[in-house]
Amino acid sequence: MRISIKDLQKMKKAGLKIPMLTAYDYTTAQILEKSKIPIILVGDSLGQVILGYESTIPVTLNEMIYHAKTVVRATKTTHIVVDLPFLSYQTNNSDAIKNAGKILKETGAQSVKLEGGKEITSTINYLINRGIPVMGHIGLTPQSVHQQGGYGIQGKTAKNAQKIIDDASYLEDSGAYGIVLESIPSQIAKIITDKLSIPTIGIGSGVYCDGQVQVFHDLVGLFDDFKPKHAKRYLELSKLIQESTMNYIDEVNKGEFPSNKESFFITCLLYTSDAADE
């Protein structure tokens with residue numbers, strides 16, 4: 001049985017933290033579930049760390065579905081939430097329900113995540129009233145990177161901070177089961193977390209959130225193009241992979257790999273012509 005949105009909300013009420021990580025493939029998701037992660041985000045950040053785009057904006061619905069399928073197949077108990085990509089829900093409610101429904105039907109995921117505040121509350125409410133659980137996302141919203149002028153901290157002025165606080169309440173009132181707070185001051189995140197009855201999941205928003213989310217590739221040092229300030233590296237996996245690859249190349253060039261240990265042999269009983277006649 002998978003962790004449900006009710007389970008996640010109960011974790012907040014019980015004062016339990018909610019760790020969340022991204023995954024975009026079968027193998028990673030399998031490892032994360034074995035590590036007892038309660039919730040995995042199949043984020044449109046795959047556009048940068050998997051597909052090599054400059055931002056999340058080019059990511060398509062089909063790309064999200066393809067990767068989400070692999071994550072769902074790898075897991076049995078973890079809650080899987082999938083990002084709705086840019087312009088798959090902002091156009092109208094008809095597109096939103098069609099695309100969100102397509103994700104849930106074709107991937108087996110349990111919920112979707114949308115970016116935005118008050119301006120998308122009618123869409124969230126529309127989806128929820130038709131049986132699709134929605135997680136919100138405010139603060140820095142990467143799909144609006146050009147509008148926001150880059151990937152900087154949001155809520156630094158009193159006016160902007162108040163807007164984020166208000167947006168959080170609007171999202172809760174619209175029926176969102178949780179909200180990602182990205183790149184906002186810790187004090188603002190604390191105000192929101194204390195105010196809401198639904199979980200807040202922080203990324204670059206301090207320790208006061210009910211949970212934390214990180215991009216898996218940042219966590220293990222697998223993505224070298226950019227290192228966010230909010231990311232802590234628990235492993236330098238990129239360096240380990242490079243070292244392993246160089247060792248492999250060296251052993252192949254020297255004729256040391258494969259050794260007898262990695263090779264297969266057969267034992268043949270050879271007969272002479274005389275023995276065969278007998």
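Please determine whether any residue of region 112-128 is surrounded by fewer than 19 Cβ atoms within 10 Å (Cβ to Cβ) and either within 17 Å of Ser4 (Cα to Cα) or modelled with pLDDT under 95 (or both).
yes
Have a look at Tyr89, Tyr66, Tyr53 and point out the one that is over 11 Å from the mean Cα position of the chain (by Cα), among the aromatic types (Phe, Trp, Tyr), at pLDDT 95 or above and in a helix (DSSP H, G or I).
Only one candidate passes the filter, namely Tyr66.
Among (1) of a type outside the set (Phe, Trp, Tyr); (2) closer than 20 Å to Thr141 by Cα; (3) within 13 Å of the chain's Cα centre (by Cα), where does Ile37 come up short?
With respect to (1) of a type outside the set (Phe, Trp, Tyr); (2) closer than 20 Å to Thr141 by Cα; (3) within 13 Å of the chain's Cα centre (by Cα), Ile37 is out only on (2).
Going through Ala100, Ala109 one at a time, which residue ends up being without any contact (Cβ under 8 Å) to a residue 40 or more places away in the chain, closer than 22 Å to Lys69 by Cβ and buried (at least 19 other Cβ atoms within 10 Å of the Cβ)?
None of the others qualify; the one that does is Ala100.
Would you mind telling me which numbered condition in (1) under 18 Å from the mean Cα position of the chain (by Cα); (2) closer than 24 Å to Lys17 by Cα Lys227 fails?
The number of the failed condition is (2).
Answer with yes or no whether Asp25 is surrounded by fewer than 20 Cβ atoms within 10 Å (Cβ to Cβ), among the acidic types (Asp, Glu), out of contact with any Cys (no Cβ under 7 Å at 6 or more places or on another chain) and free of Cβ contacts under 8 Å to residues at least 60 places away in the same chain.
Taking the combined requirement at face value, the residue satisfies it.
Look at Ile120 and say whether it is assigned by TED's automatic domain parsing to the domain that holds Ile203, touching a residue at least 24 places away in the same chain (Cβ under 8 Å) and out of contact with any strand residue (DSSP E or B) (no Cβ under 9 Å at 6 or more places or on another chain).
no
Consider Ile5 carefully, then state whether it is touching a Phe, Trp or Tyr at 6+ places or on another chain (Cβ under 6 Å), β-branched (Val, Ile, Thr) and surrounded by fewer than 18 Cβ atoms within 10 Å (Cβ to Cβ).
no
Quick check on region 158-211: of everything there that is among the aromatic types (Phe, Trp, Tyr) and within 21 Å of the chain's Cα centre (by Cα), which residue is farthest from Asp7 (Cα to Cα)?
Selected residue: Tyr208.
Ser259 fails exactly one of the following numbered conditions: (1) surrounded by 19 or more Cβ atoms within 10 Å (Cβ to Cβ); (2) modelled with pLDDT of 95 or more. What is the number of that condition?
(1)
Mind checking which residues of region 129-157 are more than 21 Å from the chain's Cα centre (by Cα) and of a type in the set (Val, Ile, Thr)?
Thr157
Conditions (1) surrounded by fewer than 19 Cβ atoms within 10 Å (Cβ to Cβ); (2) part of a loop (DSSP other than H, G, I, E, B); (3) of a type in the set (S, T, N, Q); (4) modelled with pLDDT of 95 or more, marked per residue:
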{"residue": "Ile201", "(1), (2), (3), (4)": "no, no, no, yes"}
{"residue": "Val207", "(1), (2), (3), (4)": "yes, yes, no, yes"}
{"residue": "Pro228", "(1), (2), (3), (4)": "yes, yes, no, no"}
{"residue": "Tyr234", "(1), (2), (3), (4)": "yes, yes, no, yes"}
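The values are calculated or read from the model by the stated rules, or taken from the named source; none is laboratory data. Since the structure is predicted, the reported quantities are computational estimates derived from the model, not experimental observations. FYI the Cβ positions are ideal-geometry reconstructions off the backbone, even for glycines, and counts take in every protein chain you see.
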